[in-house]
1. Here's a check for you: in the stretch 1-30, which residue that is farther than 20 Å from Ala65 by Cβ and either at pLDDT 90 or above or aliphatic (A, V, I, L, M) (or both) is surrounded by the most Cβ atoms within 10 Å (Cβ to Cβ)?
2. For residues in the stretch 146-160 being over 9 Å from the mean Cα position of the chain (by Cα) and buried (at least 21 other Cβ atoms within 10 Å of the Cβ), which is nearest to Arg49 (Cα to Cα)?
3. Has the stretch 24-42 got any residue that is within 24 Å of Ser145 (Cβ to Cβ) and in contact with a Cys (Cβ under 6 Å, 6 or more places away or on another chain)?
4. Right, Arg71: free of Cβ contacts under 8 Å to residues at least 40 places away in the same chain and touching a Pro at 6+ places or on another chain (Cβ under 9 Å) or not?
5. Can we say Asp121 is farther than 27 Å from Ile28 by Cβ and either at pLDDT below 70 or in a helix (DSSP H, G or I) (or both)?
6. Of the residues Thr107, Thr67, Thr62, which is modelled with pLDDT under 90 and of a type in the set (Ser, Thr, Tyr)?
7. Quick one: Phe102 ticks every box in (1) more than 17 Å from the chain's Cα centre (by Cα); (2) part of a helix (DSSP H, G or I) except a single one, so which number is it?
Amino acid sequence: MPTFPRPLQTLTPLQTAFGVFAIAFATIAGAWIFEWAGYLPCELCLMQRWAYYVGVPLAALTALAATYGPRWLAGAGLVLLGLVFLGSMIFGAYHAGVEWGFWQGPTGCTGALTRADSMQDFMQQLETTKVVRCDAVAIRILGLSLAGWNAVLSGAMAMLAFIGARKALI
């Protein structure tokens with residue numbers, strides 16, 4: 001069996017669920033603050049938020065289960081949290097790869113716009129089409145885009161949840 005650093009070994013399922021809740025809540029709140037500050041999210045950014053819209057309430061329910069419910073219920077909640085944020089980590093890494101140009105992103109938010117047939121159509125496109133590109137990084141923090149940071153934080157939350165689940169279920 002793998003051994004984890006001592007501080008992680010001493011966490012209870014309740015502490016683990018609350019830790020995932022706090023990190024997830026702070027992360028989605030940070031995304032909203034960046035949006036409020038003018039960094040508009042692209043289509044992939046908005047899709048990455050789904051994990052947080054599921055994960056924050058699930059973490060709160062898991063913390064309640066760890067406090068008042070049977071041990072297996074807290075363990076099941078932590079496994080689900082681990083899977084949600086593992087998926088979020090993969091999706092964040094995919095988006096970061098699109099930003100770095102490693103692979104093509106969805107055509108709806110990467111690449112060129114469709115060619116207009118006339119100048120009037122072109123002017124109408126300029127007025128009505130507001131595409132935030134998925135392959136253009138709005139901001140980098142310590143070298144990583146927000147999608148990259150989502151991958152890192154989601155991976156940390158998945159690991160934390162799986163460690164807590166192991167403790168709850170063994």
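The values are calculated or read from the model by the stated rules, or taken from the named source; none is laboratory data. Keep in mind that what you see is a predicted model, and the values were worked out from it rather than measured. Neighbour counts run over all protein chains shown; Cβ positions are idealised from the backbone, glycine included.
1. Top of the filtered list is Thr27.
2. That would be Leu146.
3. yes
4. No: the conditions fail for Arg71.
5. So Asp121 passes the test.
6. Of the residues listed, the single one that is modelled with pLDDT under 90 and of a type in the set (Ser, Thr, Tyr) is Thr107.
7. The failed condition is (2).
Residues are listed down the side, and each one gets a yes or a no for (1) farther than 13 Å from Phe162 by Cα; (2) in contact (Cβ under 8 Å) with a residue 24 or more places away in the chain; (3) in a helix (DSSP H, G or I):
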{"residue": "Ala17", "(1), (2), (3)": "no, yes, yes"}
{"residue": "Val20", "(1), (2), (3)": "no, yes, yes"}
{"residue": "Thr27", "(1), (2), (3)": "yes, yes, yes"}
{"residue": "Ile33", "(1), (2), (3)": "yes, no, yes"}
{"residue": "Gly38", "(1), (2), (3)": "yes, no, no"}
{"residue": "Cys45", "(1), (2), (3)": "yes, yes, yes"}
{"residue": "Ala63", "(1), (2), (3)": "yes, yes, yes"}
{"residue": "Phe91", "(1), (2), (3)": "yes, yes, yes"}
